[in-house]
Amino acid sequence: MTLASASPTYASPGTPSEGLDVELIDVGLGMATDFRGRDVRGKAVIIHAIPRPGIISLMRSATLRGAIARSGDEGAAAILIVIELPGNIETLLYSVNSAVPTLALGSDDGATLQRMLADADVGEPPRLGLRLDVQEVEGLTTAVVFGVVPAATEDAEKVVIVAHRDAFFEGASDNAAGVAMAVELVEYFSQVPRSQRRRAVEVIGTPGHHNRARTGQAWLEENRETVLRNAALLFNAEHSAHALVDHWGAALHATNSLGPFDWNVNGSTALLEIANRSFDEFGIPRWAQMRGLGGEISRIDDLVPSINLMHAGVLLHSNAETAEAIPAAGLAATARAYAKIIDEANRLSLSALVSQ
C-alpha cells in the first residue's frame, strides 16, 4: 500500500540512501502515559494530532504536548503525524525540530495504518518502508516587489502594506488572499486624484517566510529604516480570508462566511477605535481578545503604528486551502475594512496615531 497523503515536515532530515525498513508502533496522542511501557527505539512511531486554530507552531496537539520531541528522545527511527481531520488531507508542517524523518499523514491513511496494526498477528507487527531524499540547494535568489501610489507631495508620509508572496500547495488563504487584497488596495487608492492624496500607499510583496531563512521577515528587519522611512501606518496583508470550517457529522464542511481572525493594533486609542469601527462595519469576525501576532511583519510591527488581521484555521498549510475555501464577499469585506481604516487614519496626524 502507498500512503498518498504523506508530506515531510519542513526541514525534515532524509533517510539513508537505502531507505528504512522498520516496525510500526502507534502511541496515540503521544503523551507521557502513552509511552509508558512501550519500546519505540528503532521504530516508526505513529502520533495522532488534533488540529486547532491559532499560532502556527502550536496548531497541532503533537507539538503542543511534546509528542514529537518525546518520540525522538525515546529513540524513534521515524515519526508519522496523523492529522485528525476528516478525509486524507495533505499538510505541510513547519519544522518540528525532529532529528529523524518526520511526515504528516491524512486521517484516511492513518486509519489504514490502524487497521493494519489491529489485524496483525501478535509478534508480527506491520513494517514501514520509507525513503526520503532531501537536498538543500544553496545560492538561489529571489526578489522583493514594490508598488507605489504616490502622494500629492514627494516628501509626504506613507502607508505601507506588506503581503508575502510564497505559499504551500495552492495557498489560497496563505497568501493569495493577502496578495489579492494588497493589489486591490493599490488599484482603489490609485483612483483618488493625486492632489487629494495626503499619504502615499506603498505595497511590498516579500518572498515570505515559508523557508528556513524566513527570507521576507529577515529582509524587512534588515531594511527597516528604508521600509519605514516616513511611514505613518503599517499593514499586514496575510491570511486575509478563509471560510469558517467545522465538522458536520463525520465530514468537514466550509460555510459561506469568514472564519474568525486574530488581530492586533499597535498604536493610539484613536487608531484602535478606527480599526474596530471599520471591522464592525464590514462584518469582519475576530476573536474578542486582541493578540500580539505579527506574521510577515512580526520583526517590525512595533516600530510604527501597525494593524494586523490574520485567519489561522485548521486547514492552514494544507492542500484543502484552495480558492473554493475563500468566500469572495468575505475577501472583499476585508479589503474594504482596510481601505476605510486608511481613509480615516489619513485624517489624523502621525502623532495622533502613535501610542502614547
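Every number here is computed from the coordinates shown, using simple stated rules; none is lab data. Worth saying up front: this structure is predicted, and the values here are computed from it rather than measured. Cβ sites come from the backbone with ideal geometry, for glycine too, and all protein chains shown count toward neighbours.
Just a few scattered comments:
- Fraction of the pair-distance distribution of the range 145-353 above 31 Å, Cα-Cα pairs, percent: 15 percent
- For the range 57-135, convex hull volume per residue from C-alpha positions, Å³: 118 Å³
- Temperature 10 °C, viscosity 1.306 mPa s: under these conditions the Stokes-Einstein estimate for the range 106-182, based on its Kirkwood radius over C-alpha pairs, is 85 µm² per second.
- For A323 and T226, the FRET efficiency from 1/(1 + (r/R0)^6), where r spans their Cβ atoms and R0 equals 30 Å, is about 0.30.
- Average Cα contact separation per residue, the chain, under 8 Å, 6 or more apart, as relative contact order %: 18 percent
- Of the GluC sites (Glu not before Pro) found in the range 62-148, the ones in coil according to DSSP and having at most 10 other Cβ atoms within 10 Å of their Cβ are E136, E138.
- Only helices enter this figure: runs of n ≥ 4 DSSP H residues, each worth -39500 (n - 2.57), summed and divided by the residues of the chain, yield -7000 deg cm²/dmol at 222 nm to the nearest 500.
- Between the range 179-228 and the range 289-356, the Cα center-to-center distance that results, in Å: 13 Å
- Measuring nothing but alpha carbons in the range 7-130 and taking Rh as the Kirkwood radius, the Rg to Rh ratio lands at 0.93.
- Distance distribution P(r), the range 186-275, all Cα-Cα pairs, bin width 5 angstrom from 0: 2, 9, 12, 15, 18, 17, 12, 7, 4, 2, 1, 0 percent.
- Relative contact order, percent, the range 7-130 [alpha-carbon distance under 8 Å, six or more residues apart]: 34 percent
- Across the alpha-carbon set of the range 244-356, the Rg to Rh ratio works out to 1.02, Rh being the Kirkwood radius.
- Difference of contour (0.36 nm per residue) and Cα-Cα distance, E281 to E136: 47.5 nm
- Taking the Cα atoms of the range 192-241, the ratio Rg/Rh between the radius of gyration and the Kirkwood radius comes to 1.06.
- Loop chymotrypsin sites (Phe, Trp or Tyr not before Pro), the range 194-295, which have at most 13 other Cβ atoms in a 10 Å radius of their Cβ (DSSP): W287
- Top positive-direction residue, dipole computed over the range 145-353 with Cβ charges, set P305, G171, V186: P305
- With each label modelled as a point 7 angstrom along the Cα→C-beta vector, the N211-D302 pair spans 2.7 nm.
- At R0 = 35 Å, FRET efficiency that the Cβ-Cβ distance of F146 and T269 yields, to 0.05: 0.65
- Protection proxy ranking of 209-217, 249-257 - average other beta-carbon atoms within 10 Å, highest first: 209-217, 249-257
- In a reduced charge model with +1 at each Lys and Arg Cβ and -1 at each Asp and Glu Cβ, the range 89-209 shows a dipole moment near 620 debye about its Cα centre.
- Debye intensity ratio I(q)/I(0), log10, the chain, q values 0.07, 0.10 Å⁻¹ (C-alpha model): -0.36, -0.67
- For the range 248-356, the residue among A325, A288, P260 whose Cα projects farthest onto the positive side of the dipole built from Cβ charges is A288.
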